Structure formats: structure tokens, C-alpha cells
Amino acid sequence: MQKLGSTAEKGFWKDEPYPALSDTLYYEGQKALLSQHTIIDEREKVSVFRFWNQTFTNTELGKIVSSIGFSAVEYFERIIPGCEMCRSEDVTFCLAGK
């Protein structure tokens, strides 16, 4: 689990100053990644945003895209820079032709 806290004068979540608390959790049994962001505005209203992502191995993804008629699957890894919320080695792009 990764926890981050930050503040902003304005930014992605609000056009006014706000603190943001972010958690990243990986549920290995479900192969699911949760990115949760808790944003508090100047009136102390709390908003929670949750982004769920399913994870796949290249083999699993290849079987899925092949089963719906795609072929010529290519994988591209480590092409984006890493950051505090994402490691480059954790992101793979897939190109499939039909």
C-alpha cells in the first residue's frame, strides 16, 4: 500500500485550494488495483474518488484479445516515465490488429 498526501492552490480535483490524501492498494487475489483519492474543500466537504484497474499478464491479455478476433498482439513495456504514483515497469501497452 502506498499513501501520499499533498496540497494544491488549485489543480486536477478543484479550482480552489485543497488537501488531497491518496492511497494505492493492490488486491492480489482479485488482481485488482485501487487508487483512492480523498479531497477536502474549503468548506470541509469530503469527496472520495476511487479508480479500479484489473491487472493481466501478457499471456492472459493475449488470450482475451484473441478470443474476440484480434491478432498480431505486440506488447510495449517501460515506455512511460515512472512517478510517485506509478512505476514504469508496472505499465504495459498492447497493440492488437484485426
Set of lysines near LYS63 by C-alpha distance (under 22 Å), chain-local residues within fewer than 8 positions excluded: LYS31, LYS98
Tell me, what ³J(HN,Hα) does each residue in region 56-61 have, in order and in whole Hz, if you take phi through Karplus 6.51 cos²θ - 1.76 cosθ + 1.60 with θ = phi - 60° and put x for Gly and Pro? 9, 7, 4, 5, 4, 5
Rounded to whole Å and sorted largest first, what semi-axes of the equivalent ellipsoid does the C-alpha gyration tensor of region 34-76 yield via the square root of 5 times each eigenvalue? 39, 9, 8
Can you pull out the GluC sites (Glu not before Pro) in region 1-90 that DSSP calls coil and that have at most 10 other Cβ atoms within 10 Å? GLU9, GLU42, GLU44, GLU84
Counting Lys and Arg as +1 and Asp and Glu as -1, each charge on the Cβ, what is the dipole of region 1-50 about the Cα centre in debye, to the nearest 20? 200 debye
Once you sort the root eigenvalues of the Cα gyration tensor of region 1-55 as a ≥ b ≥ c, which label holds: rounded (a/c under 1.5), prolate (a/b larger than b/c) or oblate (the other case)? prolate
With N set to the residue count of the chain, report its C-alpha Rg divided by 2.2 N^0.38 Å to two decimal places. 1.40
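Read-outs: derived from the displayed coordinates by stated rules, not from any lab. Source: prediction; values computed, not measured. Don't worry about glycine lacking a Cβ; one is built from the backbone with ideal geometry, like all the others, and counts go over all protein chains shown.
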